[in-house]
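Novice: This is the structure I have questions about; it appears just below.
The values are calculated or read from the model by the stated rules, or taken from the named source; none is laboratory data. Please read these numbers as outputs of a predicted model, since none were measured by experiment. Please note: Cβ atoms are built from the backbone with ideal geometry, for glycine as well, and neighbour counts cover all protein chains shown.
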Amino acid sequence: MNLLILKARVGSTRKGLDLLRSKREALVREFFSAMDTVVASRDLLRRMMEGAMNSLAVALGLDGRAVVESAAFAARRDIPFELVERNVWGVTFPEIQCRSVVRSADARGYAVPSVSGYTNTAARDFEKVLDQILKIISVEMRLKKIGEEIKKTTRRINALTEIVLPELRYQIRTIRFALEEREREETFRMKRFKEKPLVY
């Protein structure tokens, strides 16, 4: 009975291993897909940031620090966003959802005639940068969660292949050896019994 139970456990452990390996492969594909997105997004963010810094430098040079700071103070606001839980292969992660933070010049809170086009351009460029940052955060949170799940799945696979399965196989060998030993003893006993003469 123990031998049959152990064989069934080996079978279910192997099925579990196959499922875990399939899950890990799917997660690795998802991880590399997200990684490509992050690399491309970060490269785009770097270029956008350089452009925004150049726009700011031009605005500071032509309009002066006081005008730019005054416009920045007037344009301050809260950015509402929502965290939505997403699920990929059983891995849950938060995703930021919000509307674009880029506004028209008259929606920034300052009098448009009092601010030059240079300061408006700098404000628009930095709003675009903020938009890009919010997109990257979602992808990077997904990447981090998937990476952690790949590690956990790999640890489980290693535990099953290096600890659980070898232990089950060892127990099966031990039981088989004991059963074979009993069978040999029984065969030997039967031979001795046959060799004894019958006494009437």
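Novice: Would you mind telling me which numbered condition in (1) aromatic (Phe, Trp, Tyr); (2) exposed (fewer than 14 other Cβ atoms within 10 Å of the Cβ); (3) in contact with a Leu (Cβ under 7 Å, 6 or more places away or on another chain) residue 73 fails?
Specialist: Here residue 73 meets the rest and fails (3).
Novice: Turning to a different aspect of this structure: I'm told residue 79 meets every condition in (1) out of contact with any Phe, Trp or Tyr (no Cβ under 6 Å at 6 or more places or on another chain); (2) part of a helix (DSSP H, G or I); (3) β-branched (Val, Ile, Thr) except one. Can you identify the failing condition by its number?
Specialist: (2)
Novice: Take residue 86 and tell me if it is surrounded by 11 or more Cβ atoms within 10 Å (Cβ to Cβ) and outside any loop (DSSP other than H, G, I, E, B).
Specialist: Details: surrounded by 11 or more Cβ atoms within 10 Å (Cβ to Cβ): yes; outside any loop (DSSP other than H, G, I, E, B): yes.
The answer is yes for residue 86.
Novice: Of everything in segment 145-160, what is loosely packed, with under 15 Cβ neighbours inside 10 Å and either touching a residue at least 12 places away in the same chain (Cβ under 8 Å) or of a type in the set (Asp, Glu) (or both)? Give them in sequence order. Quick ask: steps written out before the conclusion?
Specialist: First pass over segment 145-160, keeping only residues loosely packed, with under 15 Cβ neighbours inside 10 Å: 148, 151-152, 155, 158-159.
The one that is loosely packed, with under 15 Cβ neighbours inside 10 Å and either touching a residue at least 12 places away in the same chain (Cβ under 8 Å) or of a type in the set (Asp, Glu) (or both): 148.
Novice: For segment 111-137, give me each residue that is among the hydrophobic types (A, V, I, L, M, F, W, C), assigned to a helix (DSSP H, G or I) and farther than 12 Å from residue 53 by Cα. Quick ask: steps written out before the conclusion?
Specialist: So the first thing to find is which residues in segment 111-137 are among the hydrophobic types (A, V, I, L, M, F, W, C), and the list is 111-112, 115, 122-123, 126, 129-130, 133-134, 136-137.
Applying the additional criterion that residues be assigned to a helix (DSSP H, G or I) yields 112, 122-123, 126, 129-130, 133-134, 136-137.
112, 130, 133, 134, 136, 137 - these are the residues of segment 111-137 that are among the hydrophobic types (A, V, I, L, M, F, W, C), assigned to a helix (DSSP H, G or I) and farther than 12 Å from residue 53 by Cα.
Novice: May I ask you to say which residue of 46, 65, 21 is over 25 Å from residue 102 (Cα atoms) and not small (Gly, Ala, Ser)?
Specialist: Within the list 46, 65, 21, the selection yields 21.
Quick grid of which residues meet (1) of a type in the set (A, V, I, L, M, F, W, C); (2) over 30 Å from residue 116 (Cα atoms); (3) part of a helix (DSSP H, G or I):
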position	(1), (2), (3)
15	no, yes, yes
28	yes, yes, yes
41	no, yes, yes
46	no, no, yes
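Novice: In addition: Quick one: which of 24, 9, 14 is over 22 Å from the mean Cα position of the chain (by Cα), surrounded by 15 or more Cβ atoms within 10 Å (Cβ to Cβ) and closer than 30 Å to residue 151 by Cβ? Please lay out each step first, then the result.
Specialist: Working: 24 fails: over 22 Å from the mean Cα position of the chain (by Cα); 14 fails: surrounded by 15 or more Cβ atoms within 10 Å (Cβ to Cβ).
The match here is 9.
Novice: Give all pairs with beta carbons closer than 9 Å in which a residue from segment 95-107 that is on the phi > 0 side of the Ramachandran plot meets a residue that is assigned to a strand (DSSP E or B) and among the small types (Gly, Ala, Ser); count only pairs at least 6 apart in sequence or on separate chains.
Specialist: Note: no pairs meet the criteria.
Novice: Among the candidates 155, 192, 176, single out the residue that is at pLDDT 90 or above, basic (Lys, Arg) and either closer than 30 Å to residue 17 by Cβ or assigned to a helix (DSSP H, G or I) (or both). Full working, then the answer.
Specialist: Working: 192 fails: at pLDDT 90 or above; 176 fails: at pLDDT 90 or above.
Criteria check complete, one pass: 155.
Novice: So the check is Cβ under 8 Å with 6+ separation or different chains; which pairs have a first residue in segment 36-54 that's within 17 Å of residue 134 (Cβ to Cβ) and modelled with pLDDT of 90 or more and a second one that's among the aromatic types (Phe, Trp, Tyr) and part of a helix (DSSP H, G or I)?
Specialist: 52/126
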